[in-house]
Amino acid sequence: MDNFAQLKKNVMSKQMLAPSLLSANFGHLTDDVELMNNSRCDWFHLDVMDGVFVPNISFGFPVMEAIKKSARKPLDVHLMIVQPEKFIPEIKALGALVMNVHQEACVHLHRVLHQIRDAGMKSGVTLNPATPLCMIEDVLEDADLVLLMSVNPGFGGQKFIERIYDKTRRLREMIDRRNLSTLIEIDGGVNRKNAAALYGAGADVLVAGSAVFGAVDPVAEVDILKGLVPR
Ligand code: DX5
Ligand code: ZN
């Protein structure tokens with residue numbers, strides 16, 4: 001069984017959480033990575049922004065290399081950039097588990113998803129809140145993961161868009177109807193108020209930035225978001 005099949009098996013018994021390091025303390029980044037290494041979080045979510053696809057710039061390879069050195073959990077890279085396919089070799093060299101590209105940024109999405117798989121990574125396709133599920137209907141078999149944005153990408157700390165519950169349920173139905181093992185990940189405005197409902201709607205992985213790093217106790221917050229302890 002490859003490691004993603006193993007992860008899929010694991011998610012049958014648990015709900016996965018990927019803290020977004022965008023909300024970490026960049027002055028002491030490795031301290032926050034170490035904090036999460038010692039939590040029950042599942043992946044590190046890395047948000048790369050280019051100031052073109054989204055109206056903000058975050059970080060690039062030097063910072064991700066530093067994160068990689070101290071991270072003891074798989075890396076889930078979310079590229080909010082134009083022409084993400086240009087960086088497949090670099091993301092592979094980083095040792096990422098998942099490479100997420102936006103549907104809206106890829107003219108030849110089918111090709112890009114296969115290039116990611118051919119590079120030995122899991123292929124993730126991301127949809128902005130305004131992008132309907134029908135845009136990935138013909139590439140669902142080519143994606144190991146679908147990431148639904150529950151805010152407009154570009155910034156941490158935004159308000160969760162409620163309509164994503166229904167979109168998550170409909171995506172779950174699409175995946176189950178075709179008997180696929182594609183994971184569903186939700187990103188943006190996830191917090192202790194909506195996490196359980198999102199897992200209930202069919203999400204496998206939740207991304208949380210400000211909810212984790214803005215918490216008094218980020219390690220305990222991971223457990224709360226994953227539903228491991230009552231809130
Ligand atoms: C937004 C990013 C998110 C963001 C989530 O563009 O893709 O991953 O960091 O942050 P919160 O959880 O604060 O909405
Ligand atoms: Zn993200």
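Bear in mind these aren't lab numbers, they're just calculated from the coordinates by the rules spelled out. All figures in this text were calculated on a predicted structure; none of them were measured in a lab. All Cβ positions, even for glycine, are placed from backbone atoms using ideal geometry, and neighbour counts span all protein chains on display.
When the residues of region 69-81 are filtered to those that are in contact (Cβ under 8 Å) with a residue 40 or more places away in the chain and buried (at least 21 other Cβ atoms within 10 Å of the Cβ), which remaining residue is nearest to residue 18 (Cα to Cα)?
For region 69-81, the residue satisfying everything is 76.
Which residue is farthest from ligand 2 (Cβ to nearest atom), if the candidates are limited to region 192-219 and must be in contact (Cβ under 8 Å) with a residue 60 or more places away in the chain and surrounded by fewer than 20 Cβ atoms within 10 Å (Cβ to Cβ)?
Among them, the one singled out is 219.
Residue 148 passes all but one of (1) part of a loop (DSSP other than H, G, I, E, B); (2) surrounded by 14 or more Cβ atoms within 10 Å (Cβ to Cβ); (3) not β-branched (Val, Ile, Thr); which number fails?
Result: residue 148 passes all but (1).
Take the residues of region 49-68 that are within 17 Å of residue 102 (Cβ to Cβ) and in contact with a helix residue (DSSP H, G or I) (Cβ under 7 Å, 6 or more places away or on another chain): which is surrounded by the fewest Cβ atoms within 10 Å (Cβ to Cβ)?
Applying the filter and picking the extreme gives 53.
Collect the residues in region 154-191 that are within 14 Å of ligand 1 (Cβ to nearest atom), crowded, with 23+ Cβ neighbours inside 10 Å, in a loop (DSSP other than H, G, I, E, B) and at negative phi, keeping them in residue-number order.
Of everything in region 154-191, just one residue is within 14 Å of ligand 1 (Cβ to nearest atom), crowded, with 23+ Cβ neighbours inside 10 Å, in a loop (DSSP other than H, G, I, E, B) and at negative phi, namely 190.
Determine if region 82-89 includes at least one residue that is more than 12 Å from ligand 2 (Cβ to nearest atom) and either under 21 Å from residue 208 (Cβ atoms) or aliphatic (A, V, I, L, M) (or both).
yes
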